[in-house]
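What follows is a short report on a single structure.
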C-alpha cells in the first residue's frame with residue numbers, strides 16, 4: 001500500500017480474499033478486477049473476507065495492537081532498544097517519534113481495513129440478492145469499519161473520517177475529523193450492525209449482534225455515557241447469565257485451549273497454523289526471546305487462589321505466557337486467536353457503568369462477582385466495597401487482572417485518568433501517539449495534522 005491514508009490497490013484486496021478464512025467457498029479470483037468482482041453475492045462475500053483479513057495482519061491484531069495497547073502499558077516490558085531500530089522499545093519508554101514504523105504500519109493497516117469495508121458498503125446496495133444476506137454483509141462491514149475507527153481514535157485522537165472509496169488525489173485533500181465526530185460515526189455503524197446481524201453464525205469468526213452491542217457499549221464507556229453503557233450492554237449481560245450462547249468461563253478453560261470455541265469469546269481475530277498462510281507468528285504472543293520481553297504485571301496483585309495468576313506469570317527465554325501458550329511449533333506458526341471482546345469484559349463494563357450511575361446497585365455487584373467467581377476468588381459485597389470510589393478501584397483492578405495481555409491495558413490507563421499516577425513524569429500529550437510523518441507528507445494541507453507535543 002502506498003503511504004497515503006487510502007490504498008487504491010483493489011486487486012491486492014481480491015487476492016487477500018483467496019487466502020483468508022475458510023468460511024467461504026471461493027473460486028480462483030486472479031482473473032477478476034474491481035469492476036467485475038463486486039457485482040454479485042459471491043463478490044460481496046469475497047470482499048467481506050478481505051475485510052476480516054485486514055484485522056488479522058501483523059500491523060493490527062497480529063502484532064502492533066499488542067505493542068501499542070499492552071507493551072505501552074505496565075503489564076509487559078520491551079527490553080531491547082536495538083531490535084528493529086528500537087521502534088518497539090520507543091513505544092515502551094515513551095520516546096516514539098512520527099517516524100516510528102510501528103505507528104505507520106498500524107495507521108495504514110487500519111485505513112486499509114476501512115477502505116475494504118467502504119468498497120462493500122459502496123457496492124452492496126446495487127446488487128440484486130437476498131436482502132437479509134445483503135444486510136448481514138453490510139452489517140459485518142460496518143462492524144469492522146467501526147472497530148477500526150475505534151482503534152484509530154484511541155490511538156491518535158483526531159483522524160480522517162473516510163466513508164467513501166477515494167482516489168489518490170481525494171485522499172491528499174483529507175482533513176482530520178474530531179474524535180467526537182469519529183465516535184458519532186462508530187456509534188452509527190455499530191447501531192446499524194447490531195440491528196441486522198444474527199446472534200450466532202455456523203462459521204466461527206464472524207461478527208454477531210452481541211459483538212456489535214458489546215463494542216457499542218465500550219464506545220459509550222469511553223465517552224462516559226454510563227446510562228447508555230448499561231442499557232446497551234443489558235441484553236448482552238442477560239445472554240451471558242442465560243449461558244446458552246454466551247457465558248463466562250474460567251480462564252483456565254478459555255485460555256489457551258478453548259479460545260476457538262469458548263462461550264466467553266464474543267469476537268476474536270482468527271488464526272490457523274498448518275501452512276495455509278493464516279497463522280500468527282508465535283513470537284508475537286509475548287514470547288520471550290533472549291529476555292527481550294518481560295511480563296511485568298506483579299504477581300502480588302493477584303489473590304492467592306486466583307486462577308488467572310499463572311496465566312500471566314513471568315516467562316523464561318523462548319516461552320510464551322500461559323494465556324497464549326498453544327502448542328509451540330518448530331516453525332513460527334501458531335493458531336492462537338486474539339480475543340477482542342469477551343463476556344468478562346462486558347460484565348466489568350456493565351458493573352463500572354452501574355456504579356458510576358449510582359453506588360450500591362445489586363446488579364453491579366452481581367456482574368463484578370460473576371467475573372471473580374470464574375477466577376476462583378471470593379465475592380465482593382457492600383461490606384468490602386463500602387463506597388463508589390472503592391467499587392470503582394476494584395473494577396479497575398479486576399480489568400487489569402482479567403484482561404491482562406489482551407491489548408486493553410494502556411487504553412484503560414488513559415480512559416480512567418490513571419496515566420499520571422501509573423507513569424510519573426510522562427507528559428500528558430503522550431496519551432495519544434504522533435501521527436506518522438509518512439501520512440502527513442502525502443497531504444496537501446499539512447496544517448493541524450500533527451498531535452500537540454510532537455515535532
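The values are calculated or read from the model by the stated rules, or taken from the named source; none is laboratory data. Quick caveat, the model's predicted, so the values are computed rather than measured. Cβ atoms come from the backbone with ideal geometry, glycine included; neighbour counts cover every protein chain shown.
General remarks:
- Scanning region 139-169 for residues that are over 16 Å from the mean Cα position of the chain (by Cα), in contact (Cβ under 8 Å) with a residue 40 or more places away in the chain and in a helix (DSSP H, G or I) turns up 139, 168.
- Among residues that are touching a strand residue (DSSP E or B) at 6+ places or on another chain (Cβ under 6 Å), within 18 Å of residue 114 (Cα to Cα) and surrounded by fewer than 23 Cβ atoms within 10 Å (Cβ to Cβ), residue 161 is included.
- Checking every residue in region 429-437 against the condition of being modelled with pLDDT of 95 or more, touching a strand residue (DSSP E or B) at 6+ places or on another chain (Cβ under 7 Å), assigned to a loop (DSSP other than H, G, I, E, B) and crowded, with 21+ Cβ neighbours inside 10 Å gives zero matches.
- Residues that are free of Cβ contacts under 8 Å to residues at least 60 places away in the same chain, surrounded by fewer than 20 Cβ atoms within 10 Å (Cβ to Cβ) and closer than 16 Å to residue 346 by Cβ were ranked within region 240-297; the one that is nearest to the chain's Cα centre (by Cα) is 245.
- Note on region 361-381: residues that are assigned to a helix (DSSP H, G or I) and buried (at least 16 other Cβ atoms within 10 Å of the Cβ) total 10.
- Among the criteria (1) out of contact with any helix residue (DSSP H, G or I) (no Cβ under 6 Å at 6 or more places or on another chain); (2) farther than 16 Å from residue 115 by Cβ; (3) free of Cβ contacts under 8 Å to residues at least 24 places away in the same chain; (4) not in a loop (DSSP other than H, G, I, E, B), the one residue 191 does not fulfil is (3).
- Per the conditions (1) touching a helix residue (DSSP H, G or I) at 6+ places or on another chain (Cβ under 8 Å); (2) in a helix (DSSP H, G or I), the sole criterion not satisfied by residue 184 is (1).
- Any chance residue 49 is at pLDDT below 95, farther than 22 Å from residue 321 by Cα and out of contact with any strand residue (DSSP E or B) (no Cβ under 9 Å at 6 or more places or on another chain): no
- Taking the criterion of being surrounded by fewer than 20 Cβ atoms within 10 Å (Cβ to Cβ) and touching a strand residue (DSSP E or B) at 6+ places or on another chain (Cβ under 9 Å), the only residue of region 91-137 that qualifies is 93.
- Residue match in region 332-343 (condition: surrounded by fewer than 18 Cβ atoms within 10 Å (Cβ to Cβ) and under 21 Å from residue 269 (Cα atoms)): yes
- Of all the residues in region 413-450, those that are without any contact (Cβ under 8 Å) to a residue 24 or more places away in the chain, out of contact with any helix residue (DSSP H, G or I) (no Cβ under 9 Å at 6 or more places or on another chain) and over 20 Å from residue 296 (Cα atoms) number 2.
- Exclusive hit being part of a loop (DSSP other than H, G, I, E, B), touching a helix residue (DSSP H, G or I) at 6+ places or on another chain (Cβ under 8 Å) and surrounded by 19 or more Cβ atoms within 10 Å (Cβ to Cβ), set 405, 354: 405
- Test: residue in region 208-215 that is at pLDDT 95 or above and not in a helix (DSSP H, G or I): yes
- Contacts under 9 angstrom Cβ, first residue in region 70-92 being free of Cβ contacts under 8 Å to residues at least 60 places away in the same chain, partner in a helix (DSSP H, G or I) and surrounded by fewer than 17 Cβ atoms within 10 Å (Cβ to Cβ), 6 or more apart: 81/93; 84/101; 85/101; 87/101; 89/83
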